[in-house]
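Visitor: Mind having a look at this structure? Questions to follow.
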Amino acid sequence: MSAAAQPRPDLRSFTLLSLGVAAALALHLPHLPLWLPPPLLLLIAWRWLGFSRGRRFPALLRYALILALPLGVIATYGTLFGRLPGAALAVGLLALKLTETETRRDVHIGVAVAAFTLMSALLFGQSLLMTLLVCAALWPLLAALTALQPGAGATRMLLREDALRLALAVPVALLAFVLIPRLATPLWGAPGLAQARTGISARMSPGAIGQLLIDDNPAFRVGFDGAIPPRAQRYFRAVVLWHFDGHAWTPGDAPLPLEPIAAQGAPLHYTINLETTRQTLLPALDMPLQPPAGTRFSAARTLLAAQPVDHGLRYSVTSSMRYVLAPRLDAAERRLGLQLPMNADPRARALAARWRQRYGADAAAIVDAALRMFHDDGFRYTLLPPPLGRQQVDDFLFDTRAGFCEHYASAFVFLMRAAGIPARVVAGYQGGYANRVAGYLLVRQSDAHAWAEVWLQGHGWTRVDPTAAVRPDRISLGATAAAQGSGAPWYLSGWWLGLRDRIDVINRLWDQAVVGFNALRQRGLLARFGVDPERWQSVALALGGVLGVVMAVGLALALREPAAATDDVLGRAFARLERRLARAGHRRGAGEAPVAFLTRVAAALPADGAGQLRRLSTEFARLRYACTPSASALAARNWARRAREFRP
Amino acid sequence: MPDAIATPGNASLARLPKALAQVNALVLGKTHAVRLAFACLLAGGHLLLEDIPGVGKTTLAHALAHTCGLAYQRVQFTSDLTPTDIIGVGIYEREHGQFRFHPGPLFTELLLADEINRGTPKVQSALLEAMAESQVSVEGETRALPAVFTVIATQNPLDLAGTHPLPDSQLDRFLMRLSLGYPDAAAERALLAGEDRRALLRELPARLAASDLLALRQQARAVNTSAAVLDYLQALLAATRDHAEIRVGLSPRAGLAVLAAARAWALLAGRDHVMPEDVQAVFAAVAAHRLQPLRNSSRESLAAALLAEVSVRA
């Protein structure tokens, strides 16, 4: 190492670099393994302390840590490759980089590595907040670089300059964002990313929906052409689950004909903005009438996209709120709708048999009996149910009696089938949150829900929500509120609600304009300006042209106003006042001194204005000619304000 | 006022208005010139009064000397005046058996050098050396002049026969050059009606003392000059150097002279800081005689033109 020959960076730039590293660590925090951040934080703090006292980090310890890090990552994830292990490795190595930062060159490298690690945080989330946080974390890094320059000013000046630099970079970044050709597929397949499905999936195993219920991320947003329908009617079906193996519900793979529908009442038009799910399931309000272009119906009228939704999807649907679905039951559907796993859950079967005996063929009475049982027999709604044994349905119905929608839907459909009534589980979303600011419906992952449909003679497939029998407020308030067992919590009321509405509107705009700006939309936008993103010459010309114009304008401004560099608040304020007085006909002579000028103008004004102007003039003289510059910054701003308020 | 200014100075400052009023009572209708003359004294500079005879040059000089309470000597310059006439001479004294120095009129607090351009260059340079150094070397011995030593010189610019005009390098020794000009009608009427100015002078008290003048000079040096004022002054100096009408622009020393005079002017106005207005007020008096015009334009009009051309940045 030639560290002795290299100049050592000053403590300030090292501190700024450490801050940037800590910020990168913080932004990666949500997806790092739990054991990693505390030692890294300690390491950063310890290293900073050591550097400030001029000590070197023990080399042996560093080598040991460099070996330990990948081992720990492998122990956690089983591999070094992939998005999560990669992030853990990058953050760990970045913190270790600090331990060998001894020269100015090392600081440069550290800043570059930290910037890369920061950028990789965007692989995990591209929300507006995340983007702003990443930009904010770039700030100390930039300042670390600036602090290395000879003649760097005070830290406050430094931070101010670099904030300006970041701000100046925004137009260039925007330009690059719009103009650099986008690929229809990602440049590098960050492995975990492609597999990370979100939202309702086509398999309902125990706890599957439970995970969603604590996920506050938006699932989709719905803009209705008319009024938003009442909450109790907002059931968005995503998938119909026919097959139960005693453990999990799946759609089954039998080919079925599309169920006919007899719609009544006025149809409802709405547009759904679906977040990226990487699945083909598309939620639609019960009951969609026609599949939008590019999608198709499953037999049970759930919408399916032609390919997984990788970049969000916007589609318009027409639904009918009053309908009769499948007035005549297809034989294959009847068979599927009565399927039960062999030999499972004998107690539930026995209960269903008793109902069958008592009510005979009166399906509606059996449904009622089941709902009454859920309502009266000590069933509890909770997001943290006790674990169930192998006889899932029996354990739930007769022992634990605690669970949430998936338990109730599963047990209910099981009971109906056992009692000879065709039934199926429907998974999707229920409720959602009406944004009062922008008039759309926001449905979060936590609105995920499972309910049942039973086939009744003369009514077709009829929706039954057994969860509503246990906790009607699950349907009227939402899952989280219902689980807390109280009325509306503080965050569902008042100003906080309004704030959340506004934030969600901003997030939606961000998602549509920035995250959703894909290759297709880029081509559409650029074509309007005659730029073809397929031809690199065309893009280079546009990029170079616009950047050239921007920089030429910037250069011209910089050359025109050399004094702009010095922050002369008072001088600029006086110049403004002078321009306004000139418009009023009072021009300052070439060699006329400012105070003499103001005094002369004051003499020509009526008493009120004259007094004001004289006071301004006196104060100006005091600030300009009598004070030391450092003491007068505040007073200068004050003067500028009073000068603005002056009306001749 | 900042506390840097000493209390005796403030007492001296309080006496200034009466001193000014008294000189104005003696030299009627010349308030601006009188104020400039005071500024010159407060800035510690020498004053050159240039005008035709009979407009009150000598009266002004006497009034200043008397009002400021300074011991003063008057020397009428003629072509046969020798340096020893003003500096003094060593005379052999038999009873002591050695040479003893008999100081000339130069060894005083205020020297009135009447018609300085009638003196020979030799005498002029002897005087100007004393003005520059505030000391004289006589027969290998350096003798200091009083701390407040100031020269007020007069000359007649029109009657040039048999005169030795001061070269530019020596004009530079004078902080200010003032012309009084004819008094206006009212002042002249009052002058004609009133009694003899010199007689009047003897009856009036001294309003200041040498110690006051020293304290005020110190106070003037402490007057704050902000960056804005220095910028303006520098712009003025720079403008003299690439002006179409000016052969040689102002030197940095001239700039310092303007600054010192502006400080004194600000002090006379009771301020602890210089404003561009102060620079403008003293500029012609301090800078005009240091400018060398290319053509036949007057130095005063050049200075006025410069003030009108150079803009004052706020």
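The values are calculated or read from the model by the stated rules, or taken from the named source; none is laboratory data. This is a predicted model, so every value here is computed, not measured. Cβ coordinates were reconstructed from backbone atoms using ideal geometry, including for glycine residues, and neighbour counts include every protein chain displayed. Keep in mind that these areas ignore ligands, DNA and RNA; they rest on the heavy atoms of the full protein, side chains included. Shrake-Rupley method; radii C 1.70, N 1.55, O 1.52, S 1.80 Å.
Visitor: Residue under question is A:V113, and the condition is that it be in a helix (DSSP H, G or I), surrounded by fewer than 12 Cβ atoms within 10 Å (Cβ to Cβ) and free of Cβ contacts under 8 Å to residues at least 60 places away in the same chain; does it hold?
Guide: Numbers: in a helix (DSSP H, G or I): yes; surrounded by fewer than 12 Cβ atoms within 10 Å (Cβ to Cβ): no; free of Cβ contacts under 8 Å to residues at least 60 places away in the same chain: yes.
Spelling it out, it is not the case that A:V113 is in a helix (DSSP H, G or I), surrounded by fewer than 12 Cβ atoms within 10 Å (Cβ to Cβ) and free of Cβ contacts under 8 Å to residues at least 60 places away in the same chain.
Visitor: Name the strands (runs of 3 or more DSSP E) wholly within region A:265-366 that hold at least 3 residues that are in contact with a Pro (Cβ under 6 Å, 6 or more places away or on another chain) and either in contact (Cβ under 8 Å) with a residue 12 or more places away in the chain or surrounded by fewer than 19 Cβ atoms within 10 Å (Cβ to Cβ) (or both)?
Guide: A:313-319
Visitor: Looking at region A:611-631, can you tell me whether even one residue there is more than 14 Å from chain B (Cβ to nearest Cβ), out of contact with any His (no Cβ under 9 Å at 6 or more places or on another chain), farther than 17 Å from B:P276 by Cα and at pLDDT below 85?
Guide: There is no residue in region A:611-631 that is more than 14 Å from chain B (Cβ to nearest Cβ), out of contact with any His (no Cβ under 9 Å at 6 or more places or on another chain), farther than 17 Å from B:P276 by Cα and at pLDDT below 85.
Visitor: Condition check: on the phi < 0 side of the Ramachandran plot, assigned to a helix (DSSP H, G or I) and surrounded by 11 or more Cβ atoms within 10 Å (Cβ to Cβ). Does A:L71 satisfy that? Reasoning before the result, please.
Guide: Numbers: on the phi < 0 side of the Ramachandran plot: yes; assigned to a helix (DSSP H, G or I): yes; surrounded by 11 or more Cβ atoms within 10 Å (Cβ to Cβ): no.
Against the criterion (on the phi < 0 side of the Ramachandran plot, assigned to a helix (DSSP H, G or I) and surrounded by 11 or more Cβ atoms within 10 Å (Cβ to Cβ)), A:L71 does not qualify.
Visitor: From (1) surrounded by 14 or more Cβ atoms within 10 Å (Cβ to Cβ); (2) assigned to a strand (DSSP E or B), pick out the condition that doesn't hold for B:L201.
Guide: Single failed check for B:L201: (2).
Visitor: From the residues in region B:291-314 that are part of a loop (DSSP other than H, G, I, E, B) and more than 8 Å from chain A (Cβ to nearest Cβ), which one is least open to solvent (accessible area, probe 1.4 Å)?
Guide: The initial filter retains those residues of region B:291-314 that are part of a loop (DSSP other than H, G, I, E, B), namely B:291, B:294-298, B:310-314.
In the following step, the residues that additionally are more than 8 Å from chain A (Cβ to nearest Cβ) were identified as B:291, B:294-298.
On the way: B:L291: 0, B:L294: 95, B:R295: 149, B:N296: 160, B:S297: 35, B:S298: 56 Å².
Going through the qualifying residues, I end up with B:L291.
Visitor: Just wondering, is there one or more residues in region B:283-290 that are open to solvent by less than 20 Å² (accessible area, probe 1.4 Å), touching a Cys at 6+ places or on another chain (Cβ under 9 Å), at pLDDT 90 or above and part of a helix (DSSP H, G or I)?
Guide: Our first condition is that a residue be open to solvent by less than 20 Å² (accessible area, probe 1.4 Å); within region B:283-290, this holds for B:283, B:285-289.
Within this subset, residues satisfying the condition of being touching a Cys at 6+ places or on another chain (Cβ under 9 Å) are B:285-286.
From the residues that got through so far, the ones that are at pLDDT 90 or above too are B:285-286.
Add one more test, that the residue is part of a helix (DSSP H, G or I), and what stays is B:285-286.
Within region B:283-290 (the criterion being open to solvent by less than 20 Å² (accessible area, probe 1.4 Å), touching a Cys at 6+ places or on another chain (Cβ under 9 Å), at pLDDT 90 or above and part of a helix (DSSP H, G or I)), the answer is yes, since at least one residue qualifies.
Visitor: Still on this structure: Any idea which residue in region A:573-596 is farthest from the other protein chains (Cβ to nearest Cβ), counting only those that are touching a residue at least 40 places away in the same chain (Cβ under 8 Å) and of a type in the set (G, A, S)?
Guide: Within region A:573-596, the subset touching a residue at least 40 places away in the same chain (Cβ under 8 Å) is A:573-574, A:576-577, A:580-581, A:584, A:586.
Next cut, of a type in the set (G, A, S) only: A:573, A:584.
Working: A:A573: 9, A:A584: 17 Å.
Going through the qualifying residues, I end up with A:A584.
Visitor: So B:N224 clears everything in (1) away from chain A (no Cβ under 14 Å); (2) open to solvent by 50 Å² or more (accessible area, probe 1.4 Å) except one condition, right? Which one?
Guide: (1)
Conditions tested, residue by residue: (1) of a type in the set (D, E); (2) open to solvent by 10 Å² or more (accessible area, probe 1.4 Å); (3) outside the structural domain of B:C40 (by TED's automatic domain parsing).
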| residue | (1), (2), (3) |
| --- | --- |
| B:R94 | no, yes, no |
| B:Q98 | no, yes, no |
| B:P105 | no, yes, no |
| B:L110 | no, no, no |
| B:E115 | yes, yes, no |
| B:V136 | no, no, no |
| B:R143 | no, yes, no |
| B:A147 | no, yes, no |
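Visitor: With respect to B:V123, determine if the residue is touching a Leu at 6+ places or on another chain (Cβ under 9 Å), surrounded by 19 or more Cβ atoms within 10 Å (Cβ to Cβ), modelled with pLDDT of 85 or more and assigned to a loop (DSSP other than H, G, I, E, B).
Guide: Values: touching a Leu at 6+ places or on another chain (Cβ under 9 Å): yes; surrounded by 19 or more Cβ atoms within 10 Å (Cβ to Cβ): yes; modelled with pLDDT of 85 or more: yes; assigned to a loop (DSSP other than H, G, I, E, B): no.
Judged against the criteria, B:V123 is not a match.
Visitor: Of all the residues that make up region B:73-91, how many are under 11 Å from B:H102 (Cα atoms) and not in a strand (DSSP E or B)?
Guide: First, pick out the residues of region B:73-91 that are under 11 Å from B:H102 (Cα atoms): B:84-91.
In the following step, the residues that additionally are not in a strand (DSSP E or B) were identified as B:84-87.
The qualifying residues number 4.
Visitor: Being exposed (fewer than 14 other Cβ atoms within 10 Å of the Cβ) and modelled with pLDDT under 80 is the filter here, so list the residues in region A:530-547 that pass it. So that I can check it myself, show each step before the final result.
Guide: Step one: filter region A:530-547 for residues exposed (fewer than 14 other Cβ atoms within 10 Å of the Cβ), giving A:530, A:534-537, A:540-541, A:544-545.
Those that are exposed (fewer than 14 other Cβ atoms within 10 Å of the Cβ) and modelled with pLDDT under 80: A:G530, A:E534, A:R535, A:W536.
Visitor: Restricting to region A:555-571, name every residue that is modelled with pLDDT of 80 or more and more than 14 Å from chain B (Cβ to nearest Cβ).
Guide: Initially, region A:555-571 is screened for residues modelled with pLDDT of 80 or more, giving A:555-556, A:569-571.
The answer is A:L555, A:A556.
Visitor: Taking B:E245 and the conditions (1) over 30 Å from A:S617 (Cα atoms); (2) among the acidic types (D, E); (3) open to solvent by less than 10 Å² (accessible area, probe 1.4 Å), which numbered condition does it fall short on, given that it satisfies the others?
Guide: It is condition (3) that B:E245 fails.
Visitor: Go through (1) in a helix (DSSP H, G or I); (2) at pLDDT below 90; (3) over 14 Å from B:P205 (Cα atoms) and name the single condition B:L41 misses.
Guide: B:L41 satisfies all of (1) in a helix (DSSP H, G or I); (2) at pLDDT below 90; (3) over 14 Å from B:P205 (Cα atoms) except (2).
Visitor: Further, regarding this structure: Output the number of the condition that B:G54 fails; it satisfies all remaining conditions of (1) modelled with pLDDT under 90; (2) farther than 21 Å from B:E188 by Cβ.
Guide: (2)
Visitor: Looking at region B:260-281 only, could you name the residues that are within 13 Å of chain A (Cβ to nearest Cβ) and either in contact with a Gly (Cβ under 6 Å, 6 or more places away or on another chain) or within 16 Å of B:L237 (Cα to Cα) (or both)?
Guide: Result: B:A262, B:P276, B:E277, B:D278, B:V279, B:Q280, B:A281.
Visitor: Now, a different point. For region B:49-69, give me each residue that is hydrophobic (A, V, I, L, M, F, W, C) and surrounded by fewer than 23 Cβ atoms within 10 Å (Cβ to Cβ).
Guide: Step one: filter region B:49-69 for residues hydrophobic (A, V, I, L, M, F, W, C), giving B:49, B:52, B:55, B:60-61, B:63-65, B:68.
The answer is B:I52, B:V55.
Visitor: On the basis of being surrounded by 15 or more Cβ atoms within 10 Å (Cβ to Cβ) and either assigned to a helix (DSSP H, G or I) or touching a helix residue (DSSP H, G or I) at 6+ places or on another chain (Cβ under 9 Å) (or both), does A:L168 make the cut?
Guide: Values: surrounded by 15 or more Cβ atoms within 10 Å (Cβ to Cβ): no; either assigned to a helix (DSSP H, G or I) or touching a helix residue (DSSP H, G or I) at 6+ places or on another chain (Cβ under 9 Å) (or both): yes.
Considered against the rule, which asks whether it is surrounded by 15 or more Cβ atoms within 10 Å (Cβ to Cβ) and either assigned to a helix (DSSP H, G or I) or touching a helix residue (DSSP H, G or I) at 6+ places or on another chain (Cβ under 9 Å) (or both), A:L168 comes out as no.
Visitor: Could you list all residues from region A:597-610 that are within 13 Å of chain B (Cβ to nearest Cβ) and either out of contact with any helix residue (DSSP H, G or I) (no Cβ under 9 Å at 6 or more places or on another chain) or surrounded by fewer than 19 Cβ atoms within 10 Å (Cβ to Cβ) (or both)? Spell out how you get there, then give the answer.
Guide: Residues of region A:597-610 that are within 13 Å of chain B (Cβ to nearest Cβ), as a first pass: A:597-600.
A:T599, A:R600, listed by residue number.
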